[in-house]
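Notes to accompany the following structure.
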Amino acid sequence: MRSYDFSPLFRSSVGFDRLAQLMDSARDDAPTYPPYNIERTGEDQYRITMAVAGFGENDIEITAQENALTVVGKQPKDEAPKSLLYRGIAGRPFQRRFELAEYIRVSGASLENGLLHIELVREVPEAVKPRSIKIGSKTEPKAVEAKAA
């Protein structure tokens, strides 16, 4: 993988030091199972859709912690061995991790027809939203008369 020099970016910005870390973590040998889509469903809404054929609701665990979303799938062991002639549905255990931007939270999840849908929403707190600052005129300080003691 190519190495990028982010030092010009760091000279004029604050807080983007994680960008280099995220670029380094995006490896070419990242796992590809299960396949997934990320789509924008609204101005501040997103959906991750994962193809998890063969997994049930009890076989999948979704964990959101700080800026990370982890999806883990484990199927219970079959007690009776099956005589499969061809195995096209993987059904193997998986762990998929997603880095979430600030103020993104998981609002829900559903499993339909072998597709796991994870709903995400961006909720920016009022304290960090842009606010207008009124420019006022500077007033001269008033002198207070001093009384003799």
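The values are calculated or read from the model by the stated rules, or taken from the named source; none is laboratory data. Computed from a prediction, not measured in an experiment: that's the story for all the values here. Neighbour counts run over all protein chains shown; Cβ positions are idealised from the backbone, glycine included.
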Open item on the list: Among the numbered criteria (1) part of a loop (DSSP other than H, G, I, E, B); (2) in the same structural domain as residue 51 (by TED's automatic domain parsing); (3) of a type in the set (Gly, Ala, Ser); (4) modelled with pLDDT of 80 or more, which one does residue 107 miss?
Closed with: (1)
Task: Positions within region 67-84 being exposed (fewer than 13 other Cβ atoms within 10 Å of the Cβ) and either at pLDDT 85 or above or under 17 Å from residue 111 (Cβ atoms) (or both), in sequence order - done: 68, 76
TODO: Could you list, in sequence order, all residues of region 85-100 that are exposed (fewer than 15 other Cβ atoms within 10 Å of the Cβ) and assigned to a strand (DSSP E or B)?
DONE: 95, 97, 99
